[in-house]
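Note sheet for the following structure.
Values in this text are rule-based calculations from the coordinates and carry no lab data. This one's a predicted model, so the numbers in the text were calculated from it and none came from an experiment. Note that we place each Cβ from the backbone using ideal geometry, even for glycine, and neighbour counts take in every protein chain shown.
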Amino acid sequence: MCLAIPLKLISVDGAQAVGEAAGLTRAVRVDFIKEPKVGDYVIVHAGFAIERLRKTEAEASLKAWREVADAGE
Amino acid sequence: MPESKALLQAIQAVDVPPVTLMEVCGTHTMAIAKAGLKPLLAPKVTLLSGPGCPVCVTPARDIDACLTLSARPDVILTSYGDMLRVPGSARGDSLLKRRALGADVRMVYSPMDAVEVARENPCKKIVFLGVGFETTAPGTAIAVQTAKESGVKNFYLLPMLKRLEPALRALAASADFAVDGLLCPGHVASILGENGFQYVARSLRLPAVIAGFETEDVLLAVYRLLLQIREGAPALENAYPRAVQREGNTLAMATVETVFTPCDSLWRGMGMIPQSGLALKEDYAAFDAIKALDVCFEEEKPSACRCGDVIRGALPPEKCPLFGVCTPEDPIGPCMVSGEGACAARYKYGGSV
Ligand code: SF4
C-alpha cells in the first residue's frame, strides 16, 4: 500500500495536492504534513502523505552507508 | 549501488554467531526478496517475516464476513486491491470471484475514493474494508471525518485496522519466539516516531533498528543490529531519519485519536490480542458497518494454510506443505496473495535459506 518512491508535490490546494514521480502524477492528501509546499518530497501511503522527506537527513543516510562501506573495505 | 556490496562485506565481518532477525513490515519483506538479500546474508543472518502484512494478519472469519456483505444487493464494497483476491475459509471464494458473479465490489486506492463512491451512489450503502496498520489508520480516520462533516450518510467503515505494539509484545512473549533483533517498519515509525518503538529495546530487551526501504537502508539496519547483538546492548536506533522523527507525525496520531479508540482484535494465527485493534469512537459510531449493517462474525475455522505460523515467523513459507500447490494464481492463504506476503515473496523471487 506504500508507494516505493517518494512523490514531489507539484500543486497544493488546502489538504489536496498533486504529487509527481517519473512523469506520473497522482492525487495526494496532505492533511498530515505541516505547511505543505510545492517542491516538497513526501512518502505516500494509500493516498495520504505520511511524512515529508528531510533533505539533510537523506544526505546523512547516504553518508552512513558509505561510512560502513568504506570501513568494510 | 556499490555501497550494497561493501555493506554486505561489513556485515559478514562483524564477529557474532549466526543470528535471526525479523522484519515486521510487508514492504520490507518485498524489498528484501526483490533484492535477493536472504541468500546473500546466509548463513550469518536469517531474516524472518513477522506480522507486518495487513491482509495476512486479517483472520479468515473477517474475510468471510466481507464475502457475506458483498452478497447484499444494497451494498457496494470498496477495498484496497490486495483484499480482493484473499480467499475466505472456502477455497477459491474471494471478493474477486464474487464480483465475477455479479457482486458490486470496487477497488480503491485511497479511503477517500470510497467516500466519493458513496457520494455518487446515494441509494446504496458503501462499505470500505479498513485494513492496515498505523500507517493506514490516519487516512482512514480522515475519510470517516470527511463523511461526517460533508453529510455523506451512506458511507460505512468495516474496521479491521491493527496496532502493531500489542501484537509484537504478544509475539515476543510466545514460547517459540527465537528472534535476536527487530528491523522496525520505517513507515509505521514515520507515524509513531522513534518514541513509538522505544519499548522494543526497553521492555522487550530486543535490539531494534528503524529501517528504510532501499537495499542499502535494509543492509545498514542489519549491520547496526549485528553491532548491538555483539555488544549485548539492546537499543533503539533510527536508521531512517530522513522519514522518521523522534516524536513521529503528531498531526496523524491526533487524527487517529479523535476518531478511533483501541479495542481487542483477532489476528490470524495469533488469536485475540487485547487492545490491538481500533474501533470507532462514539461520535463516529454511525459510520460503523458492523453496527449499521449487522455484520456477523463466525468462529474462526481451522485451515490447512499455515499463514498463521508464517506471520509469527515460526514457519518459513517453503516449509508449508501446500507451498507450490498454493500459488499466487491459485492462492490458499493471504500470505500467497498479498504483494507484501511472505509466501508470495518467496514464490516470486525464490532465494530460500
Ligand atoms: S504457502 Fe499458501 S497455504 Fe501455505 S502458508 Fe503460505 S499462503 Fe498459506
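Structural descriptor for chain A: relative contact order 27 percent, calculated from alpha carbon pairs under 8 angstrom and at least 6 residues apart.
The H on the amide N of B:Ile76, modeled in the peptide plane, is under 5 Å from the matching H of B:Lys125, B:Ile126, B:Val127, each at least 5 residues off or on a different chain.
Please state the equivalent ellipsoid semi-axes for region B:285-325: what are the square roots of 5 times the Cα gyration tensor eigenvalues, largest first, in whole Å? Write out the running numbers ahead of the final one.
Working: eigenvalues 228, 28, 15 Å².
The equivalent ellipsoid of region B:285-325 has semi-axes of 34, 12, 9 Å.
With contacts taken as Cα pairs under 8 Å and at least 6 residues apart, region B:160-258 reaches a relative contact order of 33 percent. Scalar couplings 3J(HN,Hα) for region B:124-135, obtained by applying the Karplus form with A = 6.51, B = -1.76, C = 1.60 to θ = phi - 60°, are 10, 9, 9, 10, 9, 7, x, 9, x, 10, 4, 6 Hz; x denotes Gly and Pro. Amide H contacts under 5 Å for B:Glu237: B:Ala208, B:Val209, B:Ile210, restricted to partners 5 or more places along the chain or on a different chain, H placed in the peptide plane at 1.01 Å from N. Electrostatic tally near B:Pro274: other residues with Cβ closer than 15 Å to its Cβ, Lys and Arg +1, Asp and Glu -1, net +1.
Rounded, prolate or oblate: which fits region B:251-312, taking a ≥ b ≥ c as square roots of the Cα gyration tensor eigenvalues, rounded meaning a/c under 1.5, else prolate when a/b beats b/c? In terms of gyration-tensor shape, oblate.
Exceedance of the 28 Å cut-off in Cα-Cα distance is limited, within the set A:Lys37/B:Lys348; B:Lys44/B:Lys319; A:Lys37/B:Lys34; B:Lys125/B:Lys162; B:Lys124/B:Lys291, to A:Lys37/B:Lys348; A:Lys37/B:Lys34.
Expressed to the nearest 5 percent, the antiparallel share of DSSP beta bridges inside region A:7-72 is 95 percent. Compactness of chain A was expressed as the Cα radius of gyration divided by 2.2 N^0.38 Å, which yields 1.30. Looking at the protein assembly as shown, the DSSP beta bridges with both ends there are about 45 percent antiparallel. Rounded to whole Å, give me the distance from the Cα center of region B:306-353 to that of region B:160-225. After rounding, the separation between the Cα centres reads 22 Å. Here the spin labels are modelled as points 7 Å beyond Cα on the Cα-Cβ line, and at B:Thr250 and B:Glu298 they lie 4.8 nm apart. Looking at the P(r) of chain B, how many percent of alpha-carbon pairs lie beyond 39 Å? Above the 39 Å cut-off, chain B has 14 percent of its Cα pairs. Residues whose amide H comes within less than 5 Å of that of B:Lys162, counting only those at least five positions distant or on another chain, are B:Gly132, B:Phe133 (H built at 1.01 Å from N in the peptide plane).
Using the Karplus relation 6.51 cos²θ - 1.76 cosθ + 1.60 with θ = phi - 60°, the per-residue 3J(HN,Hα) values for region B:322-327 come to 8, 4, x, 6, 7, 9 Hz, with x marking Gly and Pro. Taking every DSSP beta bridge that has both ends in region B:169-288, the antiparallel portion is near 50%.
Restricting to Cα pairs below 8 Å that are 6+ residues apart, what does the relative contact order work out to for chain B? Please round to a whole percent.
For chain B, the relative contact order is 24 percent.
Which of the three applies to region B:46-140, rounded, prolate or oblate, going by the alpha-carbon gyration tensor with a ≥ b ≥ c and a/c under 1.5 meaning rounded? Note, shape of region B:46-140 comes out oblate. Shape summary of the protein assembly as shown, radius of gyration then Dmax from alpha carbon positions: 21.0, 67 Å.
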